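Colleague: The structure that follows is given in the form of structure tokens.
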Amino acid sequence: MRACSNDMSSGTIALPDPSKEKKSVLDGVKRMETKFNKVSSSGKQLGQVSAFGISGLAALASHLVHHPLYTLKSHMMMHGAEFRVRYFLDNIRRSPVRFLYRGLLSRCMGVMPEKALKMQAWNIVGKRLESSNYSPLPKYLIAGSAAGAATTVLGCPSERIMVLAHIRKQGVIHVAKAIGFKGMYQGWRVTLKRDIVFNALFFTIRDVLVDLRVRQSSQHRCGRFERFIAGLPAGILAATVSCPLDVAKTRIQGAILGSKEAEMSTIAVLMDIIRKQGPRYLFKGILPRIYVVPSMLSLFYVFDEALKQFALDNLY
């Protein structure tokens, strides 16, 4: 219960202003209602096609910065105990740009619609749940899981081509021709599991932290830099928990089409790694993963929100 201030000079007791308390509550409700739907100060909303395109641009910008770390992650996860730092550095010295950015074309072609589809799923499912009686936490978990499932549709083939381009040192077009359409979706089951686990955790933790910051702020807002920072611990935890699934995904996607390794289940791959190399190799590549994934996704999220808000305020 809030303390009342006693004005001894006038002999009156100053009670809290009900209108201010009501406004604070309404501000919080409005913030929750617009979380899944960008609205300008004049009440204008962004169309789905425009939102899709803007999310694609934000994904492209954030991925270009981080692609070399994806190259490192793929090699570490695929080779496990056989990975050698010297071999990796030798390839960088011989052809730094070509080696570090191999597979960039396929990933960019996939990451733009993939991230856009992720945000569409997050927004659509989130808005559907706004009228439900669920508390924010279950809403974030369900909407985040939907975002992860949507990611797999386009993320799986682009990641499959990228991984093979990294491991085989082949161009994107050559890899795509060699594996065909069916081969592009090799490992889709483990990719789906990884994406649901990661995105459910990331979106939930990140938005819980943003909500806490908004409640603590006197202006009831959370700046873009603060949103970026909130995404880092969320991404690190989500990336760590889902790392074994990412290792299994890389092993399956890096295997030759039709081989025994390519047909193994997620559990079989994980148990095979534990038996032959040890449990710690389930987290091989964790360092580049906990740097690249949280940083890139958090940066993408900030880019996405900033570009959409810019479009609403200046183009509509």
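The values are calculated or read from the model by the stated rules, or taken from the named source; none is laboratory data. For clarity, every value in this text was computed on a predicted model and none was experimentally measured. All Cβ positions, glycine included, derive from the backbone under ideal geometry; neighbour counts span all protein chains shown. Heavy atoms of the whole protein, side chains included, go into the accessibility calculation; ligands, DNA and RNA do not. Shrake-Rupley method; radii C 1.70, N 1.55, O 1.52, S 1.80 Å.
Colleague: Would you mind classifying region 185-262 by shape? Square roots of the alpha carbon gyration tensor eigenvalues, ordered a ≥ b ≥ c; an a/c under 1.5 is rounded, otherwise it is prolate if a/b is larger than b/c and oblate if not.
Modeller: The shape class here is prolate.
Colleague: Something else now. Please compute the modelled spin-label separation between Phe181 and Asp272, points set 7 Å along Cα→Cβ, answer in nm with one decimal.
Modeller: 2.8
Colleague: If you don't mind, another one. Classify region 141-207: rounded, prolate or oblate, from the alpha-carbon gyration tensor (a ≥ b ≥ c, eigenvalue square roots; a/c under 1.5 rounded; otherwise prolate if a/b is larger than b/c)?
Modeller: In terms of gyration-tensor shape, prolate.
Colleague: Enter the accessible area per residue of region 73-124 (Å², integer; probe 1.4 Å; all protein chains in place).
Modeller: With the other protein chains kept in place, region 73-124 gives 49 Å² per residue.
Colleague: Can you tell me the FRET efficiency between Ile256 and Ser131 if r is taken as the Cβ-Cβ distance and R0 is 41 Å, rounded to the nearest 0.05?
Modeller: Once rounded, the FRET efficiency stands at 0.25.
Colleague: Structure shown: which of Lys73/Lys115; Lys73/Lys193; Lys169/Lys276; Lys73/Lys177; Lys139/Lys260; Lys139/Lys182 lie over 29 Å apart, alpha-carbon to alpha-carbon?
Modeller: Beyond 29 Å: Lys139/Lys260; Lys139/Lys182.
Colleague: Counting heavy atoms of the protein chains only and a 1.4 Å probe, report the per residue accessible area for region 130-169 as a whole number of Å².
Modeller: That works out to 36 Å² per residue.
Colleague: Whole-Hz Karplus ³J(HN,Hα) for region 241-252, in order, using 6.51 cos²θ - 1.76 cosθ + 1.60 and θ = phi - 60°, x for Gly and Pro?
Modeller: 5, 8, 4, x, 5, 5, 4, 4, 4, 5, 5, 5
Colleague: Tabulate in residue order the Karplus-calculated ³J(HN,Hα) for region 54-64, using 6.51 cos²θ - 1.76 cosθ + 1.60 with θ = phi - 60°, rounded to whole Hz; enter x for Gly and Pro.
Modeller: Residue by residue, region 54-64 yields 5, 4, x, 5, 5, 5, 4, 4, 6, 6, 4 Hz.
Colleague: Counting only protein heavy atoms and using a 1.4 Å probe, what share of the accessible area of region 187-316 belongs to carbon plus sulfur, as a whole percent?
Modeller: 65
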